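Trainee: Handing you this structure, nothing more for now.
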Amino acid sequence: MKLIHRLLGIEAQDIDGLSRQILMPVGFALAVLLLWEGVTHVFSIKEVLLPAPSAIWSRLQESLPVLLQHAWPTAWESVAGFLIASVLGIGLAALLSASHTMRSMLYPNVVLFQLIPKIALAPLFIVWLGIGFESRLAFSVFISFFPIVVATLAGLDNVDKSLLRLCRALTASNWQVFASVRLPHALPYVFSGMKIATTFAIIGVIVGEFITSQAGLGYLILFASSQADTALILATITVLCVFGLVFYGLVALAERWTRTRFGA
Amino acid sequence: MNPQPEWLQTRSTADDRGASYLSIQDVNKTYRTRNGDVHAVEHADFDIDEGDFVSLVGPSGCGKSTLMSMIGGLETPTGGRILVGGAPITAPRRDFGYVFQDPTLLPWKSVLDNVLFPIRTQKRVVADYLAEAERLLRLTGLWDFRDKRPAELSGGMRQRVAICRGLINDPRLLMMDEPFSALDAITRDDMNLALAKLWDEVHKTAIFITHSIREAVFLSDRVLVMTARPSRIVADIRIPFARPRIDTMQDEALFSEICAYIRDEIHQAHDKHVSR
Ligand SMILES: Nc1ncnc2c1ncn2[C@@H]1O[C@H](COP(=O)(O)OP(=O)(O)OP(=O)(O)O)[C@@H](O)[C@H]1O
Ligand SMILES: [Mg+2]
């Protein structure tokens, strides 16, 4: 092994870092897929029960146009839901951190709402907003909004007392304290809330599509299951995973950019 | 009994109280807590002249920080009054500079931006202060680190950044609350030299809080000695060494004599208090 490393001109610790971060998890996942593939063949499991990864892959390739067509509404609704939730969530957190009255009035209720299994409220949104995209979008906003509020507020609150005293000594206004101390300090918290919210936003849309929809990946899953097309279900889920990863990755990129730009 | 050394000042109760730049008149501070009242400061009564570097030394908990916060307008006295140029202090002032025990730098801002932070928050024109920021950072040996983040600096460097920040708006009074107490002994000696050198350049009024008697004597024009609670000022000493202050000053007999005197004052007062 050492010889190979030396021939390739790679330092041992590089290999170690690389293997820990990428090679090991990817290798493990591949091993599981291989095992899965093997098990389905060896025990000749029916495709309706559990299709082999290779079968899912070929189904994915042949249905790609359909999958992409259904991915579009799911994607834009969850991204839009996420963006609206981010604006509202950061806004509400800012309000709660700025106003004592608002905080004592609203925050306990926000926490209480947190505890409700929010999925249970999905049918209500359809009753209120109909079967169009509005109800799915609203539900996606509703469900992804809470992690952002809670994380942002924690970040705005967690500021070092001594920094606040410095601001007071410098006669900084409340707005300046917010903009130049609290908000930059909260940025990492905001982004951790937003990363959680990406998943929640997708869940919101999918649940909406399960209940009522003529399009979208959630609809496709439901449709495929009515046809007992398990390979298509799993192919759709694969697309969903890829979309979720890209979505999360974009937010992580935005975080990197903001943090190098504004620090924190 | 020894004759009083000439560096020991008898406190004036002259009629011209308040003519000095800063006048602390019979100031009290009582914190009301659940476990009863805490008399943090009692009968603080002294004047500070413009241009003096004044140290407050005293045991932990004797109310030094509280006294400084009141002078800085961050706390209000429960009795007495504090006058600056004849006017009572009610709130923090923009012509004061503050340096706290920990550097309290903004971790996401560069050294230069941290130094300029007071300028930005006080909505002054940053461009007017860039030259001053450069001068201060050069004096403290930090200019080459101006683009670094605080996390990339040593503890001593961070505290120097905090001092530059305290001086950036050319304050009439700089308040420093144990700025070097978190540093190791060697770094602390270096910082004392750096601060003495800086003071030869900036000539400002300063209030400097410390537990270290040697540090106080080395840096100050005047040292006020406080005792444990209920705290009083038991000695007021004019340090008879010329500026610029040099390291070897600490080897002189007079330096040790003054330090010993201050130590005795603190201990005597402490013993009296304990045996009461
Ligand atoms: N906000 C507060 N509420 C109640 N008591 C306080 C408060 N701040 C300080 N005290 C009390 O007042 C006394 C003086 O505190 P202070 O911080 O001024 O002392 P200090 O001389 O600066 O001590 P040190 O040298 O350890 O920093 C202490 O007994 C402390 O417990
Ligand atoms: Mg203190």
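Trainee: Scan B:157, B:176 and give me the residue that is at pLDDT 90 or above and within 16 Å of ligand 1 (Cβ to nearest atom).
Mentor: Criteria check complete, one pass: B:176.
Trainee: Let me ask another. For segment B:67-99, how many residues are within 14 Å of another protein chain (Cβ to nearest Cβ), surrounded by fewer than 21 Cβ atoms within 10 Å (Cβ to Cβ) and within 13 Å of ligand 1 (Cβ to nearest atom)?
Mentor: Counting residues in segment B:67-99 that are within 14 Å of another protein chain (Cβ to nearest Cβ), surrounded by fewer than 21 Cβ atoms within 10 Å (Cβ to Cβ) and within 13 Å of ligand 1 (Cβ to nearest atom) gives 3.
Trainee: For segment B:47-61, what are the residues that are of a type outside the set (D, E, K, R) and more than 15 Å from ligand 1 (Cβ to nearest atom)? Even if it seems obvious, please write down each step before you answer.
Mentor: To start, the set of residues in segment B:47-61 that are of a type outside the set (D, E, K, R) comprises B:48, B:51, B:53-61.
Within segment B:47-61, B:48, B:51, B:53, B:54 meet the criteria.
Trainee: Still on this structure, I have one more. Pick out, from segment A:180-264, the helices (runs of 4 or more DSSP H) lying fully within it that include 1 or more residues that are crowded, with 16+ Cβ neighbours inside 10 Å and within 14 Å of chain B (Cβ to nearest Cβ).
Mentor: Qualifying helices (runs of 4 or more DSSP H): A:183-211, A:230-262.
Trainee: For segment B:52-66, how many residues meet the condition of being touching a strand residue (DSSP E or B) at 6+ places or on another chain (Cβ under 6 Å) and either more than 16 Å from ligand 2 (Cβ to nearest atom) or more than 14 Å from every other protein chain (Cβ to nearest Cβ) (or both)?
Mentor: 10
Trainee: Right, here's the next one. Among the residues in segment A:95-104, are any in contact with a Ser or Thr (Cβ under 8 Å, 6 or more places away or on another chain), touching a residue at least 12 places away in the same chain (Cβ under 8 Å), part of a helix (DSSP H, G or I) and in the same structural domain as residue A:136 (by TED's automatic domain parsing)?
Mentor: no
Trainee: Let me ask something else about it. For segment A:166-179, how many residues meet the condition of being surrounded by 21 or more Cβ atoms within 10 Å (Cβ to Cβ) and outside any helix (DSSP H, G or I)? Before you say what the answer is, go through the steps one by one.
Mentor: The first filter runs over segment A:166-179 and keeps only residues surrounded by 21 or more Cβ atoms within 10 Å (Cβ to Cβ), leaving A:166-167, A:169-170, A:172.
Narrowing the set further to residues that are outside any helix (DSSP H, G or I) leaves A:170, A:172.
So the count comes out to 2.
Trainee: Name every residue in segment A:151-165 that is in a helix (DSSP H, G or I) and either touching a Cys at 6+ places or on another chain (Cβ under 7 Å) or more than 12 Å from chain B (Cβ to nearest Cβ) (or both), in order of residue number. Working first, answer last.
Mentor: The initial filter retains those residues of segment A:151-165 that are in a helix (DSSP H, G or I), namely A:151-157, A:161-165.
Correct list: A:151, A:152, A:153, A:154, A:155, A:156, A:157.
Trainee: Right, here's the next one. Of a type in the set (Asp, Glu), within 14 Å of chain A (Cβ to nearest Cβ) and farther than 24 Å from residue B:191 by Cα: does that describe residue B:152?
Mentor: It is false that residue B:152 is of a type in the set (Asp, Glu), within 14 Å of chain A (Cβ to nearest Cβ) and farther than 24 Å from residue B:191 by Cα.
Trainee: Here's something else I'd like to know. Anything in segment B:208-223 that is over 18 Å from residue B:8 (Cα atoms) and in a loop (DSSP other than H, G, I, E, B)? List them, or say none.
Mentor: Passing the criteria: B:211, B:212.
Trainee: A further question follows. Take segment B:224-254 and flag every residue that is within 15 Å of ligand 1 (Cβ to nearest atom), of a type in the set (Val, Ile, Thr) and in a strand (DSSP E or B).
Mentor: Let us first name the residues in segment B:224-254 that are within 15 Å of ligand 1 (Cβ to nearest atom), namely B:224-234.
Retained after the next criterion (residues that are of a type in the set (Val, Ile, Thr)): B:225, B:227, B:233-234.
Of everything in segment B:224-254, those that are within 15 Å of ligand 1 (Cβ to nearest atom), of a type in the set (Val, Ile, Thr) and in a strand (DSSP E or B) turn out to be B:225, B:233, B:234.
Trainee: Would you check if there is a residue in segment B:110-131 being touching a residue at least 24 places away in the same chain (Cβ under 8 Å), closer than 23 Å to residue B:199 by Cβ, more than 9 Å from chain A (Cβ to nearest Cβ) and charged (D, E, K, R)?
Mentor: no
The values are calculated or read from the model by the stated rules, or taken from the named source; none is laboratory data. For clarity, every value in this text was computed on a predicted model and none was experimentally measured. FYI the Cβ positions are ideal-geometry reconstructions off the backbone, even for glycines, and counts take in every protein chain you see.
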